[in-house]
Amino acid sequence: MSHGAIPVIGLVVRSAPYRQRSARSQLDVALVAAALEAPLRLYFLADAALQLASERDARSAGLPAGYRGWASLTGMTRVSAFIEPGWLERMSELGITPLLPVKTRSKEQMRADWHKCARLLVL
């Protein structure tokens with residue numbers, strides 16, 4: 001499928017890792033959207049940015065060893081990921097490397113950017 005023919009899907013990720021009943025429910029939604037080859041725009045708000053930490057043990061989420069989680073999306077579709085500047089700085093200070101290339105946007109900039117998405121899901 002051509003990316004030009006498929007509308008962009010925006011996903012707003014609001015929960016820190018392992019805060020929900022299923023440790024990977026938000027990732028599962030992103031994987032379904034990516035399987036449709038829909039270009040994704042991912043917006044990680046506040047501590048949800050920690051979902052992108054490359055040091056997390058995937059086995060605790062019931063995933064097989066070597067599973068790349070959020071990083072696997074880039075092999076399926078075009079992905080743009082955004083986090084707040086303060087969280088990128090905090091992750092850097094803690095030595096946490098994001099699994100995806102990220103750009104920084106304030107919450108206000110993210111809200112203004114949401115109009116670029118044909119569909120927006122808040123997770």
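Each reported figure results from applying straightforward, stated rules to the coordinates on display, with no laboratory input. All values derive from a computational prediction rather than experimental measurement. Methodologically, a virtual Cβ is constructed for each residue, glycine included, from the backbone with ideal geometry; neighbour enumeration extends over all protein chains shown.
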Practice task
Read phi for every residue in the stretch 111-123 and hand back ³J(HN,Hα) as whole Hz from Karplus 6.51 cos²θ - 1.76 cosθ + 1.60, θ = phi - 60°, with x for Gly and Pro.
Solution key: 4, 5, 7, 4, 5, 6, 9, 5, 9, 10, 10, 9, 9
Problem - Burial ranking of peptide ranges 96-109, 37-50, 72-85 (average Cβ count within 10 Å, highest at the top) - result: 37-50, 72-85, 96-109
Fill in the blank from the handout: The summed charge of the residue 37 Cβ neighbourhood (under 15 Å; Lys/Arg +1, Asp/Glu -1) stands at +3
